[in-house]
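One structure is given here, and the rest of the page talks about it.
Computed from the coordinates by the stated procedures, all read-outs in this text should not be read as laboratory data. Everything numeric in this text was worked out from a predicted model, so none of it was measured. All Cβ positions, even for glycine, are placed from backbone atoms using ideal geometry, and neighbour counts span all protein chains on display.
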Amino acid sequence: MRRTRRYIVYVILALGCILYGACKDPYTPDLQGKNINYLVVDGMIVVGPSTTTRIMLSRASALKDTAKMIYETKAKVTVEVEGGGSYDLVESPIGTYTASDLNIAVDKKVRLKIATQKNDQYISSFVPVRNVPPIDTIASYRKNDVFTVYVNTHDPSNSTKYYRWTYEGTYEYNSQWYSRQVFNNNDSTLRSRPYSEQVKLFRCWKNLVTNSILVASSERSSVDQIVQEPLQSFNRDQIEISVGYRILVRQYALTSEAYDYLNNVRKYTEQLGGIFDPLPTELRGNIVNVQNPAEPVVGYISASMETTKARYFSRPSYSTFENKCGFATEVLDQSKAGLALYFGYDRGYPVFLDPEEKKLGVTGSFRCLDCLQLQTGGYNVRPDFWPF
């Protein structure tokens, strides 16, 4: 039993690393060749209009004595309402099961039912659908030159107490140089690049998702209020705050049991490095294998309404980010022969070295002119929600 508990701890630590990006260093626990194949259930049941329930299923398996997550695909996943009614989730993408706009009343009890491709049956305990108050504000503060986004919320009815947040972040970043001109190899001249092309090369955006377990409680306070709860932080030299940053925050209410579970997982993933034995019962979750109740299952299902709020932040005045993709030198010979030597057949690319655009320069890397090449996963189509 002690050995089994130890392996579950390994899986939970791996879960925190993989799902929430909580590990600063690669986490490869020594599983001593044991046959570990635990189901990992991540997500919650979200009800109400314009909401999406998203459940990710995977397996934590031992492979060459290290932990690895493998998607659990082609399962049948259902939200069941106590007393009758059910909603099927659809798999998309692989291992992720979703359903939108679940019409379930607050305080109704629901559970998750999973039937795997191998016909293993899993169910969660019934949990109440919790109401959640609006988000009051999203703002930022500066501490030790770190830019931190935080959330404020409160419940006048004093009944929420336990909160969880997720977010979707988007930031703009720019190429180092604005590419206004293109060299024509046919006649060794420079022509103006179409404005739409200039913008697409210069302005890019990239999305971020929640990379940690974000929970808080007002249980020990006389009022049900959360003040300046940190959501995300950036050092002042990071590209994420070099131009502008927008965050969409989703807020949920938890039961005390769900809060305790997530908070314990968060603590474990923040304190990697040791072996925790025995395993606290709070980390066993509320999901069981119907055929084999003794089988460890990682995860905790809760249910909540959802409230959202978005906020845009301009580059803070103390940001020190500098795009140092490459360097450029002045073009000293602007005759056709000189331009051909500088720019012919992609030997270099024209840029302006001064704001007045009078000093022509050359840089050797097109990557410094194309923001898509600067960041993996970036895109150059302005999001509809972007303010400018």
Semi-axes a, b, c in Å (a largest) for the chain, each sqrt of 5 times a Cα gyration tensor eigenvalue, come to 48, 25, 20
For the chain, the dipole about the Cα centre with charges only on Cβ (Lys and Arg +1, Asp and Glu -1), to the nearest 20 debye, works out at 440
Going fewest to most other Cβ atoms within 10 Å around each Cβ, E322, E270, E356, E306 line up as E356, E322, E270, E306
Phi-derived 3J(HN,Hα) across the stretch 318-327 with the Karplus relation (6.51, -1.76, 1.60, θ = phi - 60°), rounded Hz, x for Gly and Pro, is 9, 5, 10, 5, 10, 7, 10, 4, x, 10
Phi-derived 3J(HN,Hα) across the stretch 228-240 with the Karplus relation (6.51, -1.76, 1.60, θ = phi - 60°), rounded Hz, x for Gly and Pro, is 6, 7, x, 10, 7, 10, 9, 5, 5, 9, 7, 5, 4
In the chain, whole DSSP H helices that both stretch 18 Å or further along their axis by alpha carbon positions and average at least 0.0 on the Kyte-Doolittle scale are 2-20
Ordered by fewest other Cβ atoms within 10 Å, a rough proxy for footprinting exposure, Y38, Y312 read Y312, Y38
The summed charge of the F147 Cβ neighbourhood (under 11 Å; Lys/Arg +1, Asp/Glu -1) stands at +1
Quick note on L201, L254, ordering by fewest other C-beta atoms within 10 Å, gives L201, L254
Which residues qualify? For Y71, with a placed amide H closer than 5 Å and at least 5 residues away or on another chain, they are R59
Evaluated at 10 °C and 1.306 mPa s, the Stokes-Einstein D of the stretch 238-388 based on the Kirkwood radius over Cα pairs, in µm²/s, stands at 73
If one builds a Gaussian network model of the chain from Cα atoms under 10 Å apart, the most fluctuating residue listed among K359, K206, K309 is K359
Extension length gain for K76 and R191 (0.36 nm per residue less Cα distance), in nm, is 35.5 nm
